[in-house]
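Below you'll find the structure, written out as structure tokens, and then a few comments.
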Amino acid sequence: MSESIFLDIKIPNETGYLRLLGKIGEYLAQSLESYPGDREELAYHINLVLTEAMANAIQHTADAKRSEALHVTLRVENRKLTIKVYDQGQGFDFSNLPEPHPSCLAEHGRGIFIIKTLMDRVSYRKYDGGHVLEMEKVLF
Amino acid sequence: MLTTIESRDAVTLIQIQEERLDAHNSSDLKGQMLTLFEEGKNNMVVDLQGVRFVDSSGLGALVSGFKNASARNGNLKLCGLQPQVESMFELTRLHRVFEIFPDSTQALDSFQE
């Protein structure tokens, strides 16, 4: 795989744009012609993790920052996809999220679990007054 | 959210006419289900045949409906899951919570048993 792609996206901080960001990720995955796995499955997963990450960032945006665009980057380089989603809020407890159990009928709390399951490396750290959720997927 | 809601005997069939069930429209679905519960319609089938994509918020809305139905001595069953949608239920283990049927006929019939 020799592709090198970098997308730098500013998108309104509204759930109405989840579909657009998800589709961008989907198209990016479908364009990775040398990806040896199931590209349609990869496309679905990238759509999903972008949707979850953006919805999470919207949820955790401080009220004073609501009018500002969300910043998202997608980079394909060295056989690896790296997605960064920046939020402007107080953040959340990333490391202490339980795995869903069938007897747990919570209505929330599955998004980060889904991201951690579908991506190879996930981190969440402070960045420039907010936080960045960084997700990596090895593509070979 | 676009849905078609029909009453079949004592069961309400909700067909979701959206390609995506996500954080943008899942609260609409929760609201529509709550209205039905308030009308005393406690047995439901949610038909996901047209849904190609579901995120954790969409799953949360269905869990909310399931809990509300159970609390009212009813049930909420699912049908028509596309393969990628079904994989989300398996990933989050929710396939062990819901009764899931291939199509709405079988889901509706299951309430007669």
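No value in this document is a laboratory result; all are computed from the given coordinates. Everything numeric in this text was worked out from a predicted model, so none of it was measured. In this analysis, Cβ positions are derived from the backbone assuming ideal geometry, glycine residues included, and neighbour counts consider all displayed protein chains.
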Distance histogram for the range A:20-91 (every C-alpha pair counted, 10 angstrom bins, percent rounded to whole numbers): 20, 46, 24, 10, 1
Cα-based Lys proximity count in the range A:5-138, under 13 Å, for pairs eight or more positions apart or on separate chains: 5
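Evaluated at 4 °C with a viscosity of 1.567 mPa s, what Stokes-Einstein diffusion coefficient in µm²/s does the protein assembly as shown have when Rh comes from the Kirkwood expression over alpha-carbon pairs?
My calculation gives 68 µm²/s for D.
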Fully extended contour minus Cα-Cα distance, from A:His101 to A:Glu68, at 0.36 nm per residue: 8.2 nm
Cut-off 11 Å, label 7 Å out along Cα→Cβ of B:Gln82, residues of the range B:3-29 by amide N: B:18-21
Net dipole in debye of the range A:5-138 [+1 Lys, Arg Cβ; -1 Asp, Glu Cβ; about Cα centre; nearest 20]: 220 debye
Principal-axis tilt of helix A:18-30 within chain A, Cα atoms, nearest 10 degrees: 20 degrees
Convex hull projection area averaged over all views, the range A:96-140, Cα basis, nm²: 4.5 nm²
For the range B:1-56, average projected area of the Cα convex hull in nm²: 3.7 nm²
Descending principal axes extents, the range A:63-110, alpha-carbon based, whole Å: 39, 38, 16
Most fluctuating residue given options A:His108, A:His60, A:His71, as computed from a GNM of chain A linking Cα atoms under 10 Å: A:His108
Alpha-carbon Debye profile of chain A, log10 I(q)/I(0) at 0.12, 0.17 Å⁻¹: -0.47, -0.93
Computed Rg/Rh of chain B, alpha carbon atoms with Kirkwood Rh: 0.92
Check: chain B dipole with +1 on Lys, Arg Cβ and -1 on Asp, Glu Cβ, in debye: 340 debye
